[in-house]
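Supplied in structure tokens, the structure appears directly below.
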Amino acid sequence: MMRRRTWRLWLSCIALLLPAAARADALVIAINDWCPYSCSAEGSHRGILVDIVNDIFTAAGSPPHFVQLPFARALSSVRSGQAQAIVGVTHAVAPDLQYPDEPIITTQFCFFTRPESTWRYTSGGELGAVRVGVGSGKKFPPGVERALQDATRVPGGTDLIWRMVRMLDIGRLDAVLEEHRTLPLELAQRGHAPLRNAGCIDSNNEYVAFQPGSAYARIFSEGMRNLRKSGRMAQIYAQYGVN
């Protein structure tokens, strides 16, 4: 009973976060805190993926309204109908949603350790006694998931990457598994010394995922092709210092 009340209360809070126009009939898209890909729902530095999505749907005559939530809640907001799409998700994480033909970006997760560590991750290898932290809600290929079965799943939300870094700093973790651009950027912004890259898993396609049956998926795929052809895609990447 208490869980149902909590769920209804959360849905009400999401509705209050959305502009009146968004609650009516506008395109509402959920994002999480994952800079440089999704940094903010507003302002001039919203993130690579947010800028791409905004350009595509604005050009198509459906300017989106973005709402920033922890990843698990962002995903739930799409499934519940509070939002029409979520930015930066894989098929493995949400196979029930609708995906466009075009991924929005290719990412790669790597293991980061303290500088003095000598451990290295090898593809398909076991982690042994290495204590690894990874954001909850993340899903990886089966071999990696098996290796991570004893990993610490750190709850998502604001400052997830920084919280994992601090756990590494104080010795609660031996390694952190995070995307190869997001963690170094977080360190630079915080004035933290670089961490050691101890090896990466295979790259992965990230998508904008939509509610099943959505016509927006086709619009997005066409928009991605147009952005690449026009050179606008490369321009957005360059604004964030990404090739």
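Quick check: from the Cα gyration tensor, does the chain come out rounded (a/c under 1.5), prolate or oblate?
prolate
For Asp169 paired with Ser230, estimate the spin-label separation in nm (one decimal), with each label point 7 Å from Cα along the Cα-to-Cβ line.
4.2 nm
I'd like the distance separating the alpha-carbon centroids of the stretch 23-61 and the stretch 62-140, in whole Å.
The two parts, judged by their Cα centres, are 17 Å apart.
Ranking Ser203, Ser44, Ser77, Ser221 by Cβ neighbours within 10 Å, fewest first, what do you get?
Lowest to highest Cβ neighbour count: Ser44, Ser203, Ser221, Ser77.
Of the DSSP beta bridges with both residues in the stretch 109-200, give the percent that are antiparallel, rounding to the nearest 5.
Given both bridge residues lie in the stretch 109-200, the antiparallel proportion sits at roughly 55 percent.
Every number in this text was worked out from the coordinates using simple rules, so none of it is lab data. The model shown is predicted, which means the values in this text are computed figures rather than measured ones. Counting neighbours? That spans all protein chains shown, and the Cβs are built from the backbone with ideal geometry, glycine included.
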